[in-house]
Amino acid sequence: MQLSALIAGLVLPVLSAAIGWRLALACWVPLALLLAVLVPGRIAAPAAGPRPPLRLTAPNGWLLRLMGIQGCAGLCLSAFITFFGVYASSLGVGAATIGLMVSGFGLMGILSRLLLTPLGASLKDETVLLGGLFLVGFGTVLVMQYAAADRHWPLWFAVVGMGLSLVASNAVAMSMLLREPRFGGAASSAGMLSLGFFGGIAVGPPLFGVLLRQPGGFSAAWTLLIFALCLGAALCRNLYRARRSEEAHPHADTA
């Protein structure tokens, strides 16, 4: 996914400048159709035997916390990457440079997933790493607002900081879910976790757009990310405390 963002950030601005953004996006249609034909043949056939019945399991308290954390992450990431180009353009950054910035975001996202996921798995409690990623994202959004027409380095700092921090949160959270039975069965829990993450992705840009139309403009809209990052960090702290409490009192119901 992050490699796709890297490639798109490099190629689409060049194509848009040459043939317009509509045709540039249309160039990806044949690739999407080709993948739709080839991918099913690459997926292994399911194992023989009766399939388990399709059923939805309500998430427990542990999973609800993790879903809330991922909802905050998805909201921030979608709002950030959707409106970052508009924000940078309003400060006089050219389309080609914005494309490089988005590519930098994708590249940092690849690195963060490759480096932080195994790091989290080596920790006794990955919640500490997860909360740290939200705090780094919080600092990144604050620094980004120092950008101006003659000062673009905070924008580069923002794409690097968000790529190295919040992008990895989904992989870290999924690793937690797969390694710890307290969150529930792997298949159903993974689906619910994705529901939280992509639910945040769905609501982030519309909410940001509503705030952007307020008198404060981008200054008002960025507060949405700041609030969501603070909420995500608070949920991480709550999950950490609940896990510590469970370890101290294993027979207590902290979920």
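Condition test on residue 75, is it in a helix (DSSP H, G or I), within 25 Å of residue 199 (Cβ to Cβ), at pLDDT 75 or above and not polar (S, T, N, Q)?
Numbers: in a helix (DSSP H, G or I): yes; within 25 Å of residue 199 (Cβ to Cβ): yes; at pLDDT 75 or above: yes; not polar (S, T, N, Q): yes.
Yes: the conditions hold for residue 75.
Read through the list (1) within 30 Å of residue 244 (Cα to Cα); (2) modelled with pLDDT of 90 or more; (3) more than 15 Å from the chain's Cα centre (by Cα), then give the number of the only condition that residue 151 fails.
The number of the failed condition is (1).
Can you say whether residue 97 is more than 26 Å from residue 67 (Cβ to Cβ), among the hydroxyl-bearing types (Ser, Thr, Tyr) and surrounded by fewer than 20 Cβ atoms within 10 Å (Cβ to Cβ), as far as the supplied structure shows? Don't jump to the end; show me each part of the working.
Details: more than 26 Å from residue 67 (Cβ to Cβ): yes; among the hydroxyl-bearing types (Ser, Thr, Tyr): yes; surrounded by fewer than 20 Cβ atoms within 10 Å (Cβ to Cβ): yes.
Spelling it out, residue 97 is indeed more than 26 Å from residue 67 (Cβ to Cβ), among the hydroxyl-bearing types (Ser, Thr, Tyr) and surrounded by fewer than 20 Cβ atoms within 10 Å (Cβ to Cβ).
Give the residues of the stretch 108-135 that are aliphatic (A, V, I, L, M) and surrounded by 20 or more Cβ atoms within 10 Å (Cβ to Cβ), sorted by residue number.
Of all residues in the stretch 108-135, those aliphatic (A, V, I, L, M) come to 108, 110-111, 114-116, 119, 121, 123, 128-130, 133, 135.
Within the stretch 108-135, 108, 116, 129, 130, 133 qualify.
Given the criterion closer than 19 Å to residue 226 by Cβ, assigned to a helix (DSSP H, G or I) and either over 14 Å from the mean Cα position of the chain (by Cα) or among the acidic types (Asp, Glu) (or both), identify the matching residue among 84, 80.
One residue alone meets the criteria, 84.
Can you tell me which residue among 207, 193, 211 is more than 26 Å from residue 96 (Cα to Cα) and buried (at least 23 other Cβ atoms within 10 Å of the Cβ)? Spell out how you get there, then give the answer.
Details: 207 fails: buried (at least 23 other Cβ atoms within 10 Å of the Cβ); 211 fails: buried (at least 23 other Cβ atoms within 10 Å of the Cβ).
Criteria check complete, one pass: 193.
Do we have residue 75 as within 25 Å of residue 230 (Cβ to Cβ) and free of Cβ contacts under 8 Å to residues at least 12 places away in the same chain here?
Answer is no for this residue.
Go through the stretch 109-128 and count every residue that is farther than 13 Å from residue 167 by Cα and either part of a loop (DSSP other than H, G, I, E, B) or not hydroxyl-bearing (Ser, Thr, Tyr) (or both). Outline the logic, then answer.
Taking the stretch 109-128 first, the residues farther than 13 Å from residue 167 by Cα are 118-128.
Remaining after also requiring either part of a loop (DSSP other than H, G, I, E, B) or not hydroxyl-bearing (Ser, Thr, Tyr) (or both): 118-121, 123-126, 128.
Total meeting the criteria: 9.
Of all the residues that make up the stretch 20-46, how many are on the phi < 0 side of the Ramachandran plot and surrounded by 10 or more Cβ atoms within 10 Å (Cβ to Cβ)?
At the first step, the residues of the stretch 20-46 found to be on the phi < 0 side of the Ramachandran plot are 21-46.
Keeping just the survivors that are surrounded by 10 or more Cβ atoms within 10 Å (Cβ to Cβ) gives 21, 23-28, 33-35.
Residues that pass the stated criteria total 10.
So if I check each of 140, 117, which one is modelled with pLDDT under 90 and under 18 Å from the mean Cα position of the chain (by Cα)?
On the way: 140 fails: modelled with pLDDT under 90.
That would be 117, the only listed residue that is modelled with pLDDT under 90 and under 18 Å from the mean Cα position of the chain (by Cα).
Somewhere in the stretch 92-106, is a residue part of a loop (DSSP other than H, G, I, E, B), in contact (Cβ under 8 Å) with a residue 24 or more places away in the chain and over 19 Å from the mean Cα position of the chain (by Cα)? Steps first, please.
In the first step, residues of the stretch 92-106 are kept if they are part of a loop (DSSP other than H, G, I, E, B); the result is 92-94.
From the residues that got through so far, the ones that are in contact (Cβ under 8 Å) with a residue 24 or more places away in the chain too are 92-93.
Checking which are over 19 Å from the mean Cα position of the chain (by Cα) leaves us with 92-93.
Scanning the stretch 92-106, I find at least one residue that is part of a loop (DSSP other than H, G, I, E, B), in contact (Cβ under 8 Å) with a residue 24 or more places away in the chain and over 19 Å from the mean Cα position of the chain (by Cα), so the answer is yes.
May I ask you to list pairs of residues, at least six apart or on different chains, whose Cβ atoms are under 7 Å apart, with the first in the stretch 138-154 being more than 20 Å from residue 223 (Cα to Cα) and the second being surrounded by 10 or more Cβ atoms within 10 Å (Cβ to Cβ) and among the small types (Gly, Ala, Ser)?
149/92
In the stretch 176-207, what residues are in contact with a Lys or Arg (Cβ under 9 Å, 6 or more places away or on another chain) and of a type in the set (Lys, Arg)?
182
The values are calculated or read from the model by the stated rules, or taken from the named source; none is laboratory data. Because the structure is a prediction, the values reported are computed rather than measured. Note that each Cβ is placed from the backbone with ideal geometry, even for glycine, and that neighbours are counted across all protein chains shown.
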